[in-house]
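Some notes on the structure that comes next.
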Amino acid sequence: MKIVLAPMEGVIDFAMREILTFDGSYSYGLTEFMRVNDHLHSKSQFTRYAPELLTNGKTQSGTPIYIQLLGQDKNWMAENAFRAWEMGALGIDLNFGCPAKTVNNHGGGAILLKEPSVVHGIVKQVRNAVPSELPVTVKMRLGFEDKTLAIENAKAIEEAGATSLAIHARTKLEGYKPPAHWDWIAKIKNQTTIPIVANGDIWSKQDAVNCIKKTSCESIMIGRGALSLPNLANTITANAKPYNWHRTCHLILQYAEYRRDQGNQNFVPNRIKQWLFYLKRQYLEAGDLFDVIKKLRDLNDITYIIKKNYL
């Protein structure tokens, strides 16, 4: 079974990718999306989104990180994909799944699933812009309002030459409300030949087993589950024991140090609080820690409390 680390805007950033891929359990991961409008991003913008470009496109553990692009203009998407390849990207991923209202209102993400021909055009233009050996992967949802175009979109992506297709088993309107419709992933897989990566509601090893059984996919993508249990991928692939709270606290401190090294610390306390929101699904202590630090804004105060109370 192959496992892909999902992109999560504003959550799974460079530092988080380093932490989650540390044990080498992922086949590859994706950056947060780079918004493509009507210009070519500078090289410095690419390395800001993907510092891995400075280390041969991989995390410290050796996990390849693909650059995710989001936009509706096929020509500018292709131009930016080519630049990413020039800079050493090991793969390009195209986002047709983002459910954020601000993104959809500007013609990006899941709203493009209303027009399979547009999706096809973007994928094909990007595929043709980069060398054939470079993976061009795609992430989509089952649709915008409903699932009526799910299979048509998947076929459009396949016909345009994508390497693989990750499917979040919900529509945009469904957001993250359970359940994930794994049966729809199975339907799409049965009517296409492109490798399908199943995504949605995989919180445990048993969930992964059930998803694979339901969809017949050979690959899964995890995001929220990985944030909830930082070594989830390793529990799936190697039957590892889930991290205890003590080990997870060390990861939180490690995340803080990564962000310190990058300079701007102003938003880090909120990122840690956001992570605790996911961690409390697995660890009761995470909810307690959140209650203690929720009003704190200084990163040093937060790390002091973690060291004092939990280590």
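Read-outs: derived from the displayed coordinates by stated rules, not from any lab. Note that this is a predicted model, so its numbers are computed, not measured. Glycine also receives a Cβ, built like all others from the backbone with ideal geometry; neighbour counts cover every protein chain displayed.
Along the positive direction of the dipole of the range 245-310 (beta-carbon charges: Lys, Arg +1; Asp, Glu -1; about the Cα centre), which of Thr303, His250, Leu279 reaches farthest?
Leu279
Among rounded, prolate and oblate, which fits the chain when a ≥ b ≥ c are the square roots of the eigenvalues of its C-alpha gyration tensor, a/c under 1.5 means rounded, and a/b larger than b/c means prolate?
Values: a/c = 1.78, a/b = 1.39, b/c = 1.28.
Verdict is prolate for the chain.
Where a Cα-Cα gap under 22 Å defines reach, which lysines qualify for Lys124, not counting those fewer than 8 residues away within the same chain?
Reachable lysines: Lys74, Lys114, Lys139, Lys155, Lys189.
Mind listing the long-range amide H neighbours of Ala240? Cut-off is under 5 Å, sequence gap 5 or more, other chains count too, H placed in the peptide plane at 1.01 Å from N.
Excluding prolines and chain starts, which carry no amide H, the hits are Thr235.
Given the peptides 56-67, 295-306, arrange them by the average over their residues of other C-beta atoms within 10 Å, most packed first. Present the calculation step by step, with values, prior to reporting the outcome.
Numbers: 56-67: 19.2, 295-306: 14.2.
Peptide ranking by packing, descending: 56-67, 295-306.
Expressed as a whole number of Å, what is the distance separating the alpha-carbon centroids of the range 243-284 and the range 3-39?
16
Using a simple spin-label model with points 7 Å from Cα along the Cα→Cβ vector, what separation in nm is obtained for Asp183 and Asn244?
Label at Asp183, label at Asn244, 4.3 nm between them.
Could you work out how far apart the two model spin labels at Tyr304 and Met1 are, taking each label as a point 7 Å from the Cα in the direction of the beta carbon, and quote it in nm?
With each label placed 7 Å out from Cα toward Cβ, I get 4.4 nm.
Rg(Cα) of the range 17-142 divided by 2.2 N^0.38 Å?
Details: Rg = 14.0 Å, N = 126, 2.2 N^0.38 = 13.8 Å.
Against the empirical 2.2 N^0.38 Å value, I get 1.01 for the range 17-142.
So if we plug the beta-carbon distance of Arg297 and Thr102 into 1/(1 + (r/R0)^6) with R0 = 22 Å, what FRET efficiency do we get, rounded to 0.05? If you can, show how the numbers build up before the last one.
Values: r = 25 Å, r/R0 = 1.14.
Calculated transfer efficiency: 0.30.
Do you know the relative contact order of the range 57-215, to the nearest whole percent, from alpha carbon pairs under 8 angstrom that are 6+ apart? Before the final figure, lay out each step's value.
Values: 306 pairs, mean separation 29.6, N = 159.
Rounded, it is 19 percent for the range 57-215.
Per residue of the range 192-197, in order, report the coupling 6.51 cos²θ - 1.76 cosθ + 1.60 (Karplus, θ = phi - 60°) as ³J(HN,Hα) in whole Hz, putting x for Gly and Pro.
9, 10, 5, x, 9, 10
Report the Cα centroid-to-centroid distance between the range 176-190 and the range 138-153 in angstrom, as an integer.
What the calculation gives is 11 Å, centre to centre.
Calculate the dipole size of the chain relative to its Cα centre from +1 charges on Lys and Arg beta carbons and -1 charges on Asp and Glu beta carbons; express the result in debye to the nearest 20.
On the way: 38 positive and 30 negative charges, 122 e Å.
The calculated dipole for the chain is roughly 580 debye.
What percent do you get for the relative contact order of the range 2-92 when only Cα pairs under 8 Å and 6+ apart count?
Details: 151 pairs, mean separation 28.4, N = 91.
Result for the range 2-92 is 31 percent.
Taking square-rooted eigenvalues a ≥ b ≥ c of the alpha carbon gyration tensor, is the range 238-306 rounded, prolate or oblate, where a/c under 1.5 means rounded and, failing that, a/b exceeding b/c means prolate?
Numbers: a/c = 2.19, a/b = 1.40, b/c = 1.57.
In terms of gyration-tensor shape, oblate.
Can you run phi through the Karplus equation (6.51, -1.76, 1.60; θ = phi - 60°) for the range 272-284 and list ³J(HN,Hα) in whole Hz, with x for Gly and Pro?
Running phi through 6.51 cos²θ - 1.76 cosθ + 1.60 with θ = phi - 60° gives 5, 4, 5, 5, 4, 4, 6, 5, 5, 5, 9, 10, 4 Hz.
Got a sec to turn the phi values of the range 118-134 into Karplus ³J(HN,Hα) couplings, 6.51 cos²θ - 1.76 cosθ + 1.60 with θ = phi - 60°, whole Hz, x for Gly and Pro?
Listing the rounded values in order: 5, 4, 4, x, 5, 4, 5, 5, 5, 4, 6, 7, 10, x, 4, 7, 7 Hz.
Which whole-number percent is the relative contact order of the chain (Cα, under 8 Å, 6+ apart)?
Numbers: 581 pairs, mean separation 44.0, N = 311.
Contact order relative to length: 14 percent.
With +1 assigned to the C-beta of every Lys and Arg and -1 to the C-beta of every Asp and Glu, and no other charges, what is the dipole magnitude of the range 148-270 about the Cα centre in debye, to the nearest 20? If you can, show how the numbers build up before the last one.
Working: 14 positive and 10 negative charges, 68 e Å.
I would put it at about 320 debye.
Helix-only estimate, please: 222 nm mean residue ellipticity of the chain, summing -39500 (n - 2.57) across DSSP H runs of length 4 or more and dividing by its residues, to the nearest 500.
Numbers: 14 runs with 139 residues, N = 311.
Value at 222 nm, helices only, nearest 500: -13000 deg cm²/dmol.
Quick one: which residues, 5 or more positions from Thr171 or on another chain, have an amide H under 5 Å from its amide H? H modelled 1.01 Å from N in the peptide plane, none for Pro or chain starts.
Under 5 Å from the amide H of Thr171 lie the amide H atoms of Leu142, each far enough along the sequence or on another chain.
Between Gln191 and Leu284, with labels modelled 7 Å along Cα→Cβ, what's the label distance in nm to one decimal, could you check?
Once both label points are built, they end up 4.7 nm from each other.
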